[in-house]
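Here it is, the structure in full.
The values are calculated or read from the model by the stated rules, or taken from the named source; none is laboratory data. It should be emphasised that the depicted structure is a prediction, and the values quoted were computed from it without experimental measurement. Using ideal geometry, Cβ is built from the backbone for each residue, glycine included, and neighbour counts are taken over all protein chains shown. Note: areas computed on protein heavy atoms with side chains; ligands, DNA, RNA excluded. Shrake-Rupley method; radii C 1.70, N 1.55, O 1.52, S 1.80 Å.
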Amino acid sequence: MVLAVLSKRGQITVEFILIVSIGLIYIAGSIWPLVDQGAGAAEDVKAIADAKLSSMKLAKALNEAAISSGDMKKTFNMFLGPNTVVSCDLGVNPVVDYEVTVSYINAISNPDMANCVVDPPAGDPTGWKCDSYVELLSGIAVPGGCPVMQTGAGNSLFRGIVVEKTAGIISVSWA
């Protein structure tokens, strides 16, 4: 009689362990990759948003300098996540360009993410390039140009930028 009770309890324990093991295998095999992909996509969206915000800050400061009637100086901080480039293109249509390398957002899953053009990696296994720009007022001239703000893989940048207008000449430099 005692052996029969122990045998039943042992069978229940083995069945419980088997059910829990199957549940853990299911979670590890199907749910965890989805959670990982969602977290990666959220990081990509944040990186794009940081680059766009920094570009908008720089564009706003350059536009303010262009329309100001006298001398001015504006200092602000920029934050760029990993694999980001922000630069100025002051040609015929002046813009502040930004480019972010993303890993989880691609042209198939979301082609117009954050108003950027996502290009497939032509032989580049590190990820997709998200390129976009912020328009500036026409006729802005920065004789020295803008410093190229660039981060590498795993590096971030938090640094001050100074936009200054002295005697009608606009300059951009690190703070």
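Would you kindly derive the ³J(HN,Hα) couplings of region 39-53 from the backbone phi angles with the Karplus curve 6.51 cos²θ - 1.76 cosθ + 1.60 (θ = phi - 60°), listing them in order in whole Hz, with x for Gly and Pro?
Once θ is set to phi - 60°, the couplings for region 39-53 become 5, x, 5, 5, 5, 5, 4, 5, 4, 5, 5, 4, 5, 5, 4 Hz.
Which lysines, on any chain, are close to K52 with Cα under 16 Å apart, when same-chain ones fewer than 8 places away are left out?
Reachable lysines: K60, K129.
Now for a different question. Per 0.36 nm of contour for each residue apart, how much would the distance between A141 and V14 grow if the chain were fully extended, relative to their Cα-Cα spacing?
38.1 nm
Another question about this same structure. If you roll a 1.4 angstrom probe over the protein chains with everything in place, what fraction of the accessible area of region 3-97 belongs to carbon and sulfur, to the nearest %?
The value for region 3-97 is 68 percent carbon and sulfur by accessible area.
I would also like to ask the following. At D89 and L53, where each label point lies 7 Å from the Cα along Cα→Cβ, what is the point-to-point distance in nanometres?
About 2.5 nm, to one decimal.
With Cβ to Cβ distances under 9 Å as the rule, what net charge do the other residues near E64 carry (K, R +1; D, E -1)?
+3
Would you calculate the separation in nanometres between label points at K60 and S21, each defined as 7 Å from the Cα along the Cα-to-beta-carbon direction?
Here the modelled spin labels are 5.9 nm apart.
Taking only protein heavy atoms into account and a 1.4 Å probe, give the accessible area per residue of region 42-81 in Å².
So region 42-81 comes to 50 Å² accessible per residue, rounded to a whole number.
Another question, then. What is the packing order of peptides 21-32, 163-174, taking the mean over residues of other C-beta atoms within 10 Å and listing the highest first? Working shown, then result.
Details: 21-32: 10.1, 163-174: 15.0.
Descending mean neighbour count gives 163-174, 21-32.
Label points 7 Å out from Cα along the Cβ direction at I31 and V162: separation in nm?
5.5
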